[in-house]
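Note sheet for the following structure.
The values are calculated or read from the model by the stated rules, or taken from the named source; none is laboratory data. These numbers were taken from a predicted model, which means no experiment stands behind them. All Cβ positions, glycine included, derive from the backbone under ideal geometry; neighbour counts span all protein chains shown. Only protein heavy atoms, including side chains, enter the accessible area calculation; ligands, DNA and RNA are left aside. Shrake-Rupley method; radii C 1.70, N 1.55, O 1.52, S 1.80 Å.
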Amino acid sequence: MPTLTIDGQEITVEPGTTLLQACEEAGSEIPRFCYHERLSIAGNCRMCLVEMEKSPKPVASCAMPAADGMVIHTNTESVKKAREGVMEFLLINHPLDCPICDQGGECDLQDQAMAYGRDSSRFAENKRAVEGKDFGPLIKTFMTRCIHCTRCVRFMEEVAGAPDLGGLYRGEDMEIATVLEKGLDSELSGNIIDLCPVGALTSQPYAFNARSWELRFTESVDVLDAAGSNIRVDARGRQVMRVLPRLNEDVNEEWLGDKSRFAYDGLLRQRLDRPYLRDANGKLQPASWEQAFAAIADRAKGMDGRRFGAIAGDLVDCESMTALKDLTDALGSPHIDCRQDGAKLNASQRASYLFNTTIAGIEDADTCLLIGTNPRWEAPVINQRIRKRWLMGGFAIGVIGEQRELTYRADYLGAGPATLAEIADGQHAFGNVLEAAERPMLILGMGALAREDGDAVLGAASKIAERYGFIGDDWNGFNVLHTAAARVGGLDLGLVPGDGGLDTAGMVAAAGRGELDMLYLLGADEIDMSALGQCFVIYQGHHGDAGAHRADVILPGAAYTEKSATYVNTEGRAQRGRLAVFPPGDAREDWTIVRALSAVLGHALPYDTLDAVRARMTSLSPHMIERNQIARAAWELIEGQGRLDGPAFATPIANYYMTDPISRASETMADCTASFVSRPEALTGTDA
């Protein structure tokens, strides 16, 4: 390993370490604009110049490998003069419009100009102006500010797998532009806003709304998919102003999907801020909490507990599901389910519904089989991790299901159950690839499980895992990719039908036949509301979505940014979301609503504080005691029920930008839908 001297300190580093990395290990700060540890090295900006003994001129530390015997100086007069010169060149054409720039207060150029720049400029010519570009409804461009660091270009090509950006022209005429003069339709495009070291790329929805020093920062967890990306919610007063990614190497690294980043404006629209009751004329009228609870109690008087059902939705927290399960048990009902889509998941065996490889563990796999899933839409940060592993090489990928552009090369094996059965029986050529792999993995999606033969699909996937050595002492390559943030938590807590109980489809059908008197929808909006017949429906949620339109009583709850709550992601990692703003109007945290209702119904739940609820929650699911930790689940062969006899696997998501009540209420997501989903596929940049 090379040993070198940096500012008089001797340091030994790993082979391949750059001088910039070595200097930072030694505690020396090196300014940079183009360098980013997750992107390839470009060496564009030259801001990272350092002095190397025996070198005739300063060297760019980001592009120079550390070598044995090097002597480096990072704070000499020549280094200071070189950095001032570089900064002077970078500011030649920059408009210096900090007072109106959204990047003000968190701008690398601003900060480094103060620390490493001169107090004046010798440039007296006219500044260059560049027209703004159309990057779509999410990214606002001020390309005159661009310093050509190419971070955005490299991110879109290397990380997002959507090489839509590039450099046009040369020298001082260079411009960053899209290839076909169209918007960036990658699900990760918003990350280039964070990467841009100047104000050339800023958030379109956030433009001119707030300054960074006005905001209150709250660390939380995203719930708009099941990956559990770590986020920071920035709020001013009672309003969420923006959502940014938070570093977590094991989950989302430092990236975030566009829906999770930009759908926050949906938190302001179509909100339920007071209880409602449906009157004799069939219209919903505002009511007090006492009136709403009294109406429910009156309807439940003398009701047989087995004529009560409860369905938990996709965005529900674990505390609320704990209270709902306890209330359902207290009423004597076995009818409860957290699987709105009807996915055939075996709640009795935890390994059968987890992403056992873990998200970070994808990088250790050497073969991947995708079954009925489109991870690019279902979990963009997981798809990015698959692409990252693919770029390392030696990673064969096979796909059973719809043919989609996944941002990496994959072998299309077949459309559905027939191909899955062939692999399970050892009659498909891809089986030879799996046989030769040391650490194979499969990803089973809801497109394969949420169907009539889902049990058989689960069994066939389990058979593949057993047959081809997916399970080892330190490896489990069997993975389920969920589309709902609440799903794993609900299964851990046992929100599945009890003895003789009905699942979601059964409850909907029973309600339509008049066999259920009361159905409790806890944030459940993805079922067929028209099939519920005359059943008395209680809807508890935060948006006026499908459930609220059908409800007889509406109980206003809190969105994920408005409560302290626990969520378990697809890999079984329990994480804590925190209250960033208070719920609007009379809305309350969901577990408190269920607790208050239980007392009115004569079955008061035995907890009154959040800590007490969490104690009960962890007694039901001990895995939730340790936050941000993953407990490996014991593996057993899953015996599938029925025959593999369904149609081809279809992706469960038709529109990435609108999958839940929050994103459906978002104007920004509506703009994305119009730009990227509803737009005819044949349209090109020359047709726009």
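Side notes on the structure shown:
- Qualifying residue in the range 250-268 (condition: open to solvent by 40 Å² or more (accessible area, probe 1.4 Å), closer than 25 Å to G544 by Cα and not hydrophobic (A, V, I, L, M, F, W, C)): no
- Failed condition for R578, given (1) touching a Gly at 6+ places or on another chain (Cβ under 8 Å); (2) open to solvent by 40 Å² or more (accessible area, probe 1.4 Å): (1)
- Under the condition of being open to solvent by 50 Å² or more (accessible area, probe 1.4 Å), under 30 Å from the mean Cα position of the chain (by Cα) and in contact (Cβ under 8 Å) with a residue 24 or more places away in the chain, the residues counted in the range 601-619 number 1.
- Scanning the range 400-420 for residues that are open to solvent by 70 Å² or more (accessible area, probe 1.4 Å) and touching a strand residue (DSSP E or B) at 6+ places or on another chain (Cβ under 8 Å), we see that the one that is farthest from G646 (Cα to Cα) is R409.
- Selected residue (only one of D185, D134 is part of a loop (DSSP other than H, G, I, E, B), under 37 Å from the mean Cα position of the chain (by Cα), modelled with pLDDT of 90 or more and not polar (S, T, N, Q)): D134
- Subset of the range 33-60 (residues that are open to solvent by less than 40 Å² (accessible area, probe 1.4 Å), polar (S, T, N, Q) and under 34 Å from the mean Cα position of the chain (by Cα)): none
- Residues in the range 52-90 that are among the aliphatic types (A, V, I, L, M) and under 16 Å from E10 (Cα atoms): M52, A66, A67, M70, V71, I72.
- Filter result for the condition that a residue is hydrophobic (A, V, I, L, M, F, W, C), open to solvent by less than 10 Å² (accessible area, probe 1.4 Å) and in contact with a Lys or Arg (Cβ under 8 Å, 6 or more places away or on another chain), over L493, L555: L493
- Residues considered: A596, A587, A615. Of these, the only one that is more than 20 Å from P275 (Cβ to Cβ), at pLDDT 95 or above and among the hydrophobic types (A, V, I, L, M, F, W, C) is A615.
Let's see how each residue does on (1) assigned to a helix (DSSP H, G or I); (2) closer than 30 Å to R271 by Cα:
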site	(1), (2)
R627	no, no
I630	no, no
L644	no, no
M658	no, yes
S663	yes, yes
T668	yes, yes
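- Matching residues in the range 322-347 - criterion: being assigned to a loop (DSSP other than H, G, I, E, B), under 27 Å from the mean Cα position of the chain (by Cα) and not aliphatic (A, V, I, L, M): C338, R339, Q340, D341, G342, K344, N346
- Any hit, the range 305-314, residues being in a loop (DSSP other than H, G, I, E, B) and either touching a Phe, Trp or Tyr at 6+ places or on another chain (Cβ under 7 Å) or of a type in the set (S, T, Y) (or both): no
- I423 passes every criterion in (1) over 24 Å from D258 (Cβ atoms); (2) touching a residue at least 60 places away in the same chain (Cβ under 8 Å); (3) open to solvent by less than 40 Å² (accessible area, probe 1.4 Å) apart from (2).
- Taking residues in the range 1-30 that are within 23 Å of E77 (Cα to Cα) and acidic (D, E), and partners anywhere that are assigned to a strand (DSSP E or B) and open to solvent by 40 Å² or more (accessible area, probe 1.4 Å), not one pair has Cβ atoms closer than 6 Å while being at least 6 places apart or on different chains.
- Within the range 96-127, considering residues that are touching a Ser or Thr at 6+ places or on another chain (Cβ under 8 Å) and open to solvent by 50 Å² or more (accessible area, probe 1.4 Å), the one modelled with the lowest pLDDT: K127
Every residue, every condition in (1) of a type in the set (D, E, K, R); (2) under 9 Å from the mean Cα position of the chain (by Cα); (3) in a loop (DSSP other than H, G, I, E, B); (4) surrounded by 19 or more Cβ atoms within 10 Å (Cβ to Cβ), yes or no:
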| site | (1), (2), (3), (4) |
| --- | --- |
| D225 | yes, yes, yes, yes |
| A235 | no, no, no, yes |
| V240 | no, no, no, yes |
| N281 | no, no, yes, no |
| Q285 | no, no, no, no |
